[in-house]
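The values are calculated or read from the model by the stated rules, or taken from the named source; none is laboratory data. All values reported here derive from a predicted model rather than from experimental measurement. For neighbour counting, all protein chains shown are included, and Cβ atoms are generated from backbone atoms with ideal geometry for every residue, glycine included.
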Amino acid sequence: MSTRTDKIDALSEQAARGDDAGVSLAAAAWRRLRRNPVFLVGSTIVLLFVVLAILSPFLAPHDPAVPMLGDQVVRARNQIPPVQEGHPLGGDQVGRDLLSRVLIGSQQTLLVGVLATLIGLAGGLVLGTLAGAMGGWVDTVVMRAVDVMLSIPGLLLAVSIGALFARPNQYTVILAVAVVQIPVFARLLRGSMLAQRHSDHVLAARALGVRQRSIVFRHMLPNSLGPVIVQATLVLAIAIIEAAALSFLGLGNPDDRLPEWGQMLGQAQNVIDSHPQLAFWPAGCIIVVALGFTLMGESLREALDPKSRR
Amino acid sequence: MALLEVRDLSVVFQRRGERPFTAVDGVSFDVEPGQTVGLVGESGCGKSVTSLAIMGLLAKRGVKISGSAKFDGTELLSLSDRQMRDRRGRDLGMVFQDPLSSLNPVVSIGLQVTEVLERHRDMSRKQASVEAAELLEKVGIPDPKRRLSEYPHQLSGGMRQRALIAIALACRPRLLIADEPTTALDVTIQAQILALLADLVRDTETALIMITHDLGVVAGLCDEVNVLYAGRVVERAGRHDLFRVPRHPYTHGLLASIPRLDAPRGERLSPIKGSVSDNIPWTTGCAFAPRCPNALDTCVQVTPAMEPDPVVAGPRLLRCHNPVEPATAAEQEIMS
C-alpha cells in the first residue's frame with residue numbers, strides 16, 4: 001500500500017474516533033457515570049454502608065449479643081432502656097445496645113443481599129445461556145419453567161421456599177431470595193443471547209467455522225452480559241428488602257444474638273407504639289441501603305443504554 | 001473440473017401456515033480457481049441467499065435446499081454440520097457487508113484473527129499472533145502489532161473491512177465469497193478494498209464470488225457475470241460482453257439507470273419501472289415481464305429457458321423471449 005492510502009486511512013480513522021475518542025464501551029460509560037449526580041449519591045451511600053459493615057466490629061461500642069442494660073427492662077410496664085450515656089440509641093427489648101446491633105446488622109444484611117444476588121445471577125446465567133444458546137426444545141422447557149416461576153409473586157415464592165426448611169437460618173434466607181431472582185436473570189440473558197444469535201458478527205464467526213462452544217462463550221455471552229449486570233445491581237436492593245421481609249416474617253435466623261435488620265424490625269413491632277425508635281433505625285437503614293443500590297443500578301443502566309446517550 | 005460447481009440450486013423458505021417462498025430457483029454456475037464471478041441483481045433477487053446456501057449458513061428449520069453445490073468434487077449440501085464447520089474458514093471464506101457489525105465488539109482484533117488460525121491451522125497462540133500481524137500487514141493495515149490489541153470500534157470503516165478480509169483469508173481459503181463488501185464504505189475506501197481484493201485473488205489464485213448490486217464493482221473486478229432476477233439467473237456473460245452488449249432487458253435497464261459523468265446535464269435517469277415485488281411467478285412466464293419494456297404476449301405464457309444467445313456470439317447465456325437488439329443497445333450506448 002502506498003503512503004497516500006495510509007494517510008487517508010489515518011485521517012478517516014481520526015474521524016471515526018472523534019465521537020468517542022478511542023475508548024472502550026466501559027470507559028465511555030464510566031465517563032458519563034462520573035458526572036451523574038444520581039450515580040454519585042447512590043454509590044456514596046453504598047460505599048458508606050460497605051465500609052460500615054467492614055468496620056462495624058471495631059465501631060460498635062458494645063457486644064450486640066450481651067443484654068448489659070437488662071436490669072432496666074421491666075416487661076410488665078413495657079419499659080425499655082432509654083437513650084443514655086454510652087448508649088446513644090438506647091437499648092432493645094432485652095437490654096442490648098441498639099447502636100451496636102444496628103451497626104453489626106449491616107454485615108448480615110449486605111452479606112445476604114450480595115450472596116443472594118450472586119447465587120441468583122449464577123443460576124440465571126446457566127439457565128439463560130442454555131436456553132439462548134441451544135434454542136429448540138431446551139429453550140422451550142427452560143423458558144416455560146421460568147414463566148411458571150415468574151407467574152408467582154416474588155415475595156410469595158420466597159416465603160414458600162423459606163418455609164420449606166425445618167430449621168430456618170440465614171442461609172435458607174439467602175437461598176430463598178436467590179431462587180426467586182433466577183428466572184429474572186435467565187429471561188433477561190436469554191433475550192439478549194437470542195438477539196446475539198442472529199447478529200452479523202455471530203454469522204461471520206459461523207462463516208469462519210468457529211466452534212459452537214466458542215461462538216457461545218466468546219461471541220454471544222460477553223455481548224449479552226450488559227443488561228444482566230445492570231439487573232444485578234437492581235436485584236441487590238430487592239434482595240436486601242426481601243431478606244429483611246423474610247426475617248420480619250420469622251423465616252429468618254431464629255438466633256437473635258447475631259442482629260439482622262429485618263429481624264430487629266420484626267421484634268420491634270410489639271412495642272412500636274411506645275418505642276418506635278426500635279423499628280425506626282433498622283427500617284431507615286434498609287430503606288437507605290436499598291435506595292443506594294437502586295440509584296446506582298438505575299444510573300448504570302442509563303449509562304450503558306445506547307439509546308439514552310446524548 | 002471447476003473448483004465450485006453449482007447446479008440447479010434452489011432455496012425455498014417454508015413457514016407453517018404461510019405460502020412457501022422460492023428465494024433461489026435453479027441457479028447454476030461454475031467458478032474456476034483464480035476466477036472472479038459476479039452475482040448481480042437488485043435487493044431481494046437471491047444473491048445473498050445463494051451464498052449462504054453454499055456456505056451452509058442458512059437455518060435448518062423452514063428452509064428447503066435442493067440441487068447441488070460441488071466444491072472440488074465434494075457435495076457441500078450433503079455434508080454434516082461438523083464437516084461443513086471444518087471447511088468453513090479453511091476452504092471457504094466469506095466477507096460480509098457491514099464491517100462494524102460483522103466484528104465482535106467486545107473481542108480484540110487480534111483475538112478474532114488468531115481464533116481462526118488456532119481453529120483451522122492448529123497454531124499455538126504465539127505463532128498465531130505473529131501470523132496475525134503479518135496478515136494485517138498484508139491487507140494494508142499500518143502498525144499491525146498495535147492494531148491487534150485494539151477493538152473494532154477503534155478502527156475506521158476501511159480498516160475494519162481490511163481486518164475482516166484478513167480474517168477471511170487467514171487460512172488461505174480456495175474460495176472466497178464477498179457479499180457486498182463495499183456497500184457500507186465510502187467511494188475512496190471502496191476503490192481501495194476492491195483493489196486489495198483483486199490483488200489478493202491474483203496473488204493467491206483464490207476463486208472469488210463477488211455479490212453486488214453495484215455494476216461499477218462488477219466492471220472493475222469480475223471475469224464472468226451472472227445477472228439474477230427473482231431468484232433465477234437471467235443473463236450470463238463475460239464482463240466486457242455484458243457491458244458492451246447487454247441483451248436481457250433487465251441487464252439493459254440496470255446499466256441505463258446508472259448516472260454517468262459524461263451524460264449531458266439535466267438528462268433524466270431512466271429507472272426500471274416498478275419494483276421486485278411486481279413479479280409474476282416463474283412458472284407462468286418470465287418474472288420480469290410486468291416491468292419489462294420489451295414484453296410480448298409469450299412472456300406471460302411461456303417461461304423462457306436459459307439458452308445460448310441466438311444473435312450475439314460468445315460464451316453467453318440468456319433467459320429471454322425478446323432480448324434487446326444488439327444494435328439498439330449499441331446506439332443507446334453512444335447516445336447516452
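For this structure, a couple of remarks:
- Number of positions in region A:197-236 that are touching a strand residue (DSSP E or B) at 6+ places or on another chain (Cβ under 8 Å) and of a type in the set (K, R): 1
- Filtered residues of region B:98-110 (kept if facing another protein chain (nearest Cβ under 8 Å) and either assigned to a helix (DSSP H, G or I) or of a type outside the set (S, T, Y) (or both)): B:D98, B:L103, B:N104, B:P105, B:V106, B:V107
- Each residue in region B:95-132 was checked for being under 23 Å from the mean Cα position of the chain (by Cα) and small (G, A, S), and 2 pass.
- Conditions (1) buried (at least 22 other Cβ atoms within 10 Å of the Cβ); (2) more than 26 Å from B:I209 (Cβ to Cβ); number of the one not met by B:L103: (2)
- Entirely in region A:191-281, the helices (runs of 4 or more DSSP H) that have 1 or more residues that are among the aromatic types (F, W, Y) and away from every other protein chain (no Cβ under 14 Å): A:221-248, A:261-268
- Of all the numbered requirements in (1) among the charged types (D, E, K, R); (2) outside any helix (DSSP H, G or I); (3) surrounded by fewer than 15 Cβ atoms within 10 Å (Cβ to Cβ), B:E134 misses one, and that requirement is (2).
- Residues in region B:69-93 that are assigned to a loop (DSSP other than H, G, I, E, B), without any contact (Cβ under 8 Å) to a residue 24 or more places away in the chain and surrounded by 15 or more Cβ atoms within 10 Å (Cβ to Cβ): 1 in all.
- Per-region count, region A:67-93, residues at pLDDT 80 or above and hydrophobic (A, V, I, L, M, F, W, C): 1
- Filtered residues of region B:74-89 (kept if facing chain A (nearest Cβ under 10 Å) and in contact with a Lys or Arg (Cβ under 8 Å, 6 or more places away or on another chain)): B:R85, B:R88, B:G89
- For region B:221-240, the count of residues that are β-branched (V, I, T) and assigned to a loop (DSSP other than H, G, I, E, B) is zero.
- Of the residues making up region B:163-186, those that are at the interface with chain A (Cβ under 9 Å from one of its Cβ atoms) and over 14 Å from B:S101 (Cα atoms) are B:I167, B:A168, B:A170, B:C171, B:I177, B:D186.
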